[in-house]
1. Can you give the extra length, in nm with one decimal, that the chain gains between residue 88 and residue 111 once fully stretched, where that is 0.36 nm per residue apart less the Cα-Cα distance?
2. Would you list 79, 37 from fewest to most Cβ contacts within 10 Å?
3. For the chain, what is the mean residue ellipticity at 222 nm derived from helices alone (per DSSP H run of n ≥ 4: -39500 (n - 2.57); sum divided by total residues; nearest 500 deg cm²/dmol)?
4. When you count, for each residue, the other Cβ atoms within 10 Å and take the mean per peptide, how do 120-130, 12-22 rank with the highest first?
5. Working only with C-alpha atoms, what are the Rg and Dmax values of the chain, expressed in angstrom?
């Protein structure tokens, strides 16, 4: 699904990932402001998946991402970044799909993170190492090959 044109060039593997502070919705429904590249535990990789509540491929990725997150939970933090100007649409999406959401969901209501990372279409997944560099990027539906590559990176 295409998003509004982004003025920034898309970030690629090997580039430094910027810290963008967004409102995070936690598993218990509470919220706090958080940098999207912050791991839950020091030294972890961070998987950042950009999605839209109107994107079928994004919805299809949720169970795959949830399964992957469960397998690598000791080595990586998984974050979803919701791209939509309608906060209620994002909150409804989180509530509807909470069974397949493993980690915080950041609300990118003003497309700050999308602009900083150069995201022009969703879903797109960035994998950051513990020094905040992008070590893997995947556009579109998660494939078995992509999940295996991610597991190999964070082992």
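1. Full extension from residue 88 to residue 111 adds 6.7 nm.
2. Ordered from fewest to most neighbouring Cβ atoms within 10 Å, 79, 37 come out as 37, 79.
3. -8500 deg cm²/dmol
4. On the way: 120-130: 21.4, 12-22: 14.8.
So the peptides 120-130, 12-22, ranked by packing, come out 120-130, 12-22.
5. 13.8, 37
All of the numbers you see were taken from the coordinates with simple rules; none came from a lab. Owing to the predicted nature of the structure, the values given are computational and were not obtained by experimental measurement. Counting neighbours? That spans all protein chains shown, and the Cβs are built from the backbone with ideal geometry, glycine included.
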